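Structure first, commentary second.
Please treat every number below as a calculation from the coordinates, not as lab data. Worth saying up front: this structure is predicted, and the values here are computed from it rather than measured. Here Cβ is always computed from backbone atoms with ideal geometry, including for glycine, and neighbour counts include all displayed protein chains.
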Amino acid sequence: MGRIDISMPLFAGMPAFPGDPPFSAQRIAAVSQGDAFDLTFLSFGSHTGTHVDPPVHMLPAGLAVDRIDLDLLNGPSCVVEVAAHEQEIGVEAVARVPQGSARVLFRSPNSERWAKSLTFFPDYVGLTPAAADALVERNVRLVGIDALSIENDPGATYPVHRTLLGHGIPLLEGLLLASVRPGSYELECLPLKIRDGDGGPARAALVSP
Ligand SMILES: [Zn+2]
């Protein structure tokens, strides 16, 4: 019953959403250089790698990442497979979510692509607005995806974000799910406690029941 780590490593050159600041790590003290310890200056955006989108990300009155109840981010969850031919995560995928699921993680072909090469690709699979509506109707409390954004919206109006965050549903983005079979798990997700944060990089894991 081990944990499956579903979080993305942080490294220079890691995938970043277009326009987001790149991750960088600068060694400012090093034992190999005669210092007493290693120490690194890190710089990265608040939506780097595996991370939580809290409601305030797009809605000024919404909760910030340090205010999200950890009981919402941790607990029973289901992983739902999205096949390559589906091309997007639509209402058909939501129909496969077991009734009563509080947390849903979608495992799409994005994960296979990332397993081969951990780089950004613009044609990633995302949720449709109709799927977001269907998840709200099912009273889902958290939605996760193996992409840096929950939706692939070239128009940048973000209807999926607005629907889910508007219903107080945090998003868990940038998951690596290639080694995860569809089914039921316990989700563990602890985003950095950034005060008033619009996003929080997180370590996330799944535990088989
Ligand atoms: Zn985000």
* To do: Could you run the Karplus curve 6.51 cos²θ - 1.76 cosθ + 1.60 with θ = phi - 60° over segment 82-94 and give me ³J(HN,Hα) per residue in whole Hz, x for Gly and Pro?
  => 10, 6, 4, 5, 6, 6, 8, 9, x, 5, 5, 5, 5
* Asked: Gain in length, A83 to F121, computed as 0.36 nm per residue apart minus the alpha-carbon separation, to one decimal in nm?
  -> 11.9 nm
* **FRET efficiency estimate (nearest 0.05) - Cβ-Cβ, V207 to H167, R0 22 angstrom** => 0.25
* **segment 1-137: relative contact order in percent, alpha carbon pairs under 8 Å with at least 6 residues between** => 18 percent
* Asked: Hey, what number do you get for the chain at 222 nm if only DSSP H runs of n ≥ 4 count, each worth -39500 (n - 2.57), divided across all residues, to the nearest 500?
  -> -4000 deg cm²/dmol
* Expressed as a whole number of Å, what is the distance separating the alpha-carbon centroids of segment 87-122 and segment 1-69? -> 22 Å
* To do: Return a whole-number percent for the relative contact order of segment 54-209, with Cα pairs under 8 Å and 6 or more residues apart as the contact set.
  => 33 percent
* Asked: Ranked highest first by average number of other Cβ atoms within 10 Å, how do 128-141, 16-29 line up?
  -> 128-141, 16-29
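Want the number for K193 to T40: 0.36 nm per residue separation, take away the alpha-carbon distance, what's left?
The K193-T40 span can extend by a further 53.1 nm.
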* Gained length - V136 relative to D5, 0.36 nm times residue gap less alpha-carbon distance -> 44.4 nm
* Asked: Just the Cα atoms of segment 69-209, one point each, no solvent: what log10 I(q)/I(0) does Debye give at q = 0.10, 0.14, 0.15 Å⁻¹?
  -> -0.29, -0.60, -0.69
* Asked: Along the Cα-to-C-beta direction of S184, a point sits 7 Å from the Cα; which residues of segment 74-90 have their amide N less than 20 Å from that point?
  -> 74-82
* Can you work out ³J(HN,Hα) from phi for every residue in segment 169-179, in order, using Karplus 6.51 cos²θ - 1.76 cosθ + 1.60 and θ = phi - 60°, giving whole Hz and x for Gly and Pro? -> 9, x, 10, 10, 10, x, 7, 10, 10, 4, 9
* Asked: So what are the ³J(HN,Hα) numbers for segment 101-108, from phi and the Karplus equation (6.51, -1.76, 1.60; θ = phi - 60°), rounded to whole Hz, Gly and Pro as x?
  -> 5, 8, 10, 10, 10, 9, 9, 10
